[in-house]
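Colleague: Please read through the structure below; I'll follow up with questions.
The values are calculated or read from the model by the stated rules, or taken from the named source; none is laboratory data. Because the structure is a prediction, the values reported are computed rather than measured. Cβ atoms come from the backbone with ideal geometry, glycine included; neighbour counts cover every protein chain shown.
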Amino acid sequence: MAIETELKLTAPAHALQKLSRQPWLRAMAIGRGKKERLVSVYFDTPDCKLEHRHIALRIRRQAGKRMQTIKAQDGANALSRAEWEHPVSSNRPHLGPAKGTPLEPLLKNGAKKMLRPMFETNIERTTIPLRAGHSEVELAIDRGFIRAGKRRVSVHEIELELKHGDSRDLAALAGRLAESEQVAYGALTKAERGYALKAGRHQQPVEAGAIALDPAQSVASAFAKIGLSCLHHLSGNEPAVRKGDSEGVHQMRVGLRRLRAAISVFKEIATDERTEAIKDELKWLTEQLGPARDFDVMIEDALHPLRDEQQGKPEIKLLQSDVEEKREEGFAKAKAAVASERYRKLVLDTALWLIAGPWSRREDALAQAALQRQVDGFAPDVLRKRRKKIVKKSRKADELDALGRHKLRIAVKKLRYSTEFFASLFAGNKQKSARERIEDLLKTLQDALGTLNDIAMHDKFADQMVRGGKRTKNDLQKTYAMGLLSGSEHRLAGACIAKAKKTGEKLAAAKPFWR
């Protein structure tokens, strides 16, 4: 088994053409570059067992030879994957070398007989060996395509593979590339893109993936892995947001919230001179996506039910038309944000900060001890403290104002995301059952507080309409419809507050899964 440590970037075709000719890059070369054609076929079962376990099985044709490769996640390192390579003589997988790999358990009950080709990558690769800092790095410039049936997407990528040395040198090289060319962070592997293409979901919204942690790994490496998983979720929804997909906007916002929660959870170590700038940029993107999602939810969850309840009132239809116009403006704002240079820089800067930011190389003894602490000791402390805070505040839900309930809702989200971040550390049957119970309670509490937050936002919107100073007939009708909505929603507020208090009590009594 070998461990591959790799950072992937993307760039437009014209930028890739100029890249290898950069004088500063040529000065770093420690050997001659070479160009070759790589044709790889990826295999899986019809129900995609390998994809679901984040395992890749491929056969690559290169220089007249065939090489079979099995790749799997490495729990302890965000940039690393374990790989097993074996020469083969045919275009079909040879499964003897799968023994002792994560692939072996998936090949039982006849599954190995069901393996079939899923998609192909056809790449022209130029590789250049480099000296980056104190490390040896292989830079690969890939141009080509991924094909699945009749579907096809182009590939224009840069892969930086650490051959020997420190991943911080890898990040520094990526940062320098980004300064000279239109380079972006490449969140998706070729395998992930191929599976999405095969299923026809390459422009569809993506949900958060499971995070596998090693209990013995350091808090620093756990933060990097969790943070990059959240960034993967965020940036993986870029195509859907560009297409104007409301679920894509929602999922990108969830990815943002999870990433911001991760920074908060690990604030003990993730603090340096760049932290606030990173947080400010993430907040900016959250604000750019907010109107599209907020007005979309208002239409679907508030105005549609109100129209069903108050049939025959044209004022509601008029209000909905106005909100739909604001929603479209919001989607245009979201699309412009993800197409901007600021977004490209935000995602890349955040990735490089997570991989090798100043926070990760603090040298004083106390900071080093915090960075190297095992994550299985850190996680219970986080979960315990955050639950205690939520239980205390939820018992006073009826005494909190709108801002106080909003802050409580954010705290609930952070605990809910934390349970997801650390779930793999508590995988026993009893722990899983206890965790699912707490997750259900947190979801119930979040939903109740979310409804209250929506009501507060709609009240604010209504207030803006009243204070707008306009008194046309249409404005008066829309104000009247907004009053109907507020009246309908406020009848729910008492029940939501009661549910929040009751759920908080259940959360206090629930058995912790982190013991």
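Colleague: Return the only residue of LEU408, LEU354, LEU383, LEU366 being in contact (Cβ under 8 Å) with a residue 24 or more places away in the chain and not assigned by TED's automatic domain parsing to the domain that holds ALA495. Don't jump to the end; show me each part of the working.
Modeller: Working: LEU408 fails: not assigned by TED's automatic domain parsing to the domain that holds ALA495; LEU383 fails: not assigned by TED's automatic domain parsing to the domain that holds ALA495; LEU366 fails: in contact (Cβ under 8 Å) with a residue 24 or more places away in the chain.
None of the others qualify; the one that does is LEU354.
Colleague: Could you check region 66-93 and list, in sequence order, the residues that are closer than 17 Å to LYS8 by Cβ, assigned to a loop (DSSP other than H, G, I, E, B) and of a type outside the set (D, E, K, R)?
Modeller: The answer is ASN77, ALA78, LEU79.
Colleague: Then there is this: What are the residues in region 17-51 that are surrounded by 14 or more Cβ atoms within 10 Å (Cβ to Cβ) and of a type in the set (Asp, Glu), if any?
Modeller: Correct list: ASP44, GLU51.
Colleague: Another question, then. Which one of GLU157, GLU138, GLU181, GLU161 is crowded, with 20+ Cβ neighbours inside 10 Å and charged (D, E, K, R)? Even if it seems obvious, please write down each step before you answer.
Modeller: Working: GLU138 fails: crowded, with 20+ Cβ neighbours inside 10 Å; GLU181 fails: crowded, with 20+ Cβ neighbours inside 10 Å; GLU161 fails: crowded, with 20+ Cβ neighbours inside 10 Å.
So the residue among GLU157, GLU138, GLU181, GLU161 that is crowded, with 20+ Cβ neighbours inside 10 Å and charged (D, E, K, R) is GLU157.
Colleague: Go through region 187-218 and give me each residue that's basic (Lys, Arg) and without any contact (Cβ under 8 Å) to a residue 12 or more places away in the chain.
Modeller: Going residue by residue through region 187-218, those that are basic (Lys, Arg) are 190, 193, 198, 201.
Scanning region 187-218 gives a single hit, ARG201.
Colleague: Out of ALA111, ALA132, ALA148, I need the residue that is of a type in the set (Gly, Ala, Ser), surrounded by 14 or more Cβ atoms within 10 Å (Cβ to Cβ), in contact (Cβ under 8 Å) with a residue 40 or more places away in the chain and within 30 Å of ALA29 (Cβ to Cβ). Which one? Steps first, please.
Modeller: Details: ALA111 fails: within 30 Å of ALA29 (Cβ to Cβ); ALA148 fails: within 30 Å of ALA29 (Cβ to Cβ).
Answer to the selection: ALA132.
Colleague: Moving on to the next point. Hey, does region 94-111 have a residue that's closer than 15 Å to PRO46 by Cα and part of a strand (DSSP E or B)?
Modeller: The answer is no, given that none of the residues of region 94-111 is closer than 15 Å to PRO46 by Cα and part of a strand (DSSP E or B).
Colleague: Among THR121, THR127, THR101, which is more than 30 Å from HIS156 (Cβ to Cβ) and β-branched (Val, Ile, Thr)? Please lay out each step first, then the result.
Modeller: Values: THR121 fails: more than 30 Å from HIS156 (Cβ to Cβ); THR127 fails: more than 30 Å from HIS156 (Cβ to Cβ).
Matching residue, one of THR121, THR127, THR101: THR101.
Colleague: Going through HIS54, HIS14 one at a time, which residue ends up being loosely packed, with under 13 Cβ neighbours inside 10 Å and under 21 Å from TYR185 (Cα atoms)? First the steps, then the outcome.
Modeller: On the way: HIS54 fails: loosely packed, with under 13 Cβ neighbours inside 10 Å.
Criteria check complete, one pass: HIS14.
Colleague: So which residues in region 10-55 are under 17 Å from ARG81 (Cα atoms) and either part of a helix (DSSP H, G or I) or modelled with pLDDT of 95 or more (or both)? Reasoning before the result, please.
Modeller: Going through region 10-55, the residues under 17 Å from ARG81 (Cα atoms) turn out to be 42, 50-55.
Passing the criteria: TYR42, LEU50, GLU51, HIS52.
Colleague: Return yes when ILE390 is farther than 30 Å from SER180 by Cα, surrounded by 14 or more Cβ atoms within 10 Å (Cβ to Cβ) and either at pLDDT below 85 or in the same structural domain as THR271 (by TED's automatic domain parsing) (or both) and no when it is not. Write out each step before concluding.
Modeller: Values: farther than 30 Å from SER180 by Cα: yes; surrounded by 14 or more Cβ atoms within 10 Å (Cβ to Cβ): yes; either at pLDDT below 85 or in the same structural domain as THR271 (by TED's automatic domain parsing) (or both): no.
So ILE390 does not fit the description; no.
Colleague: From the set of residues in region 434-460 that are more than 24 Å from the chain's Cα centre (by Cα) and touching a residue at least 60 places away in the same chain (Cβ under 8 Å), which is farthest from ALA498 (Cα to Cα)?
Modeller: ALA434
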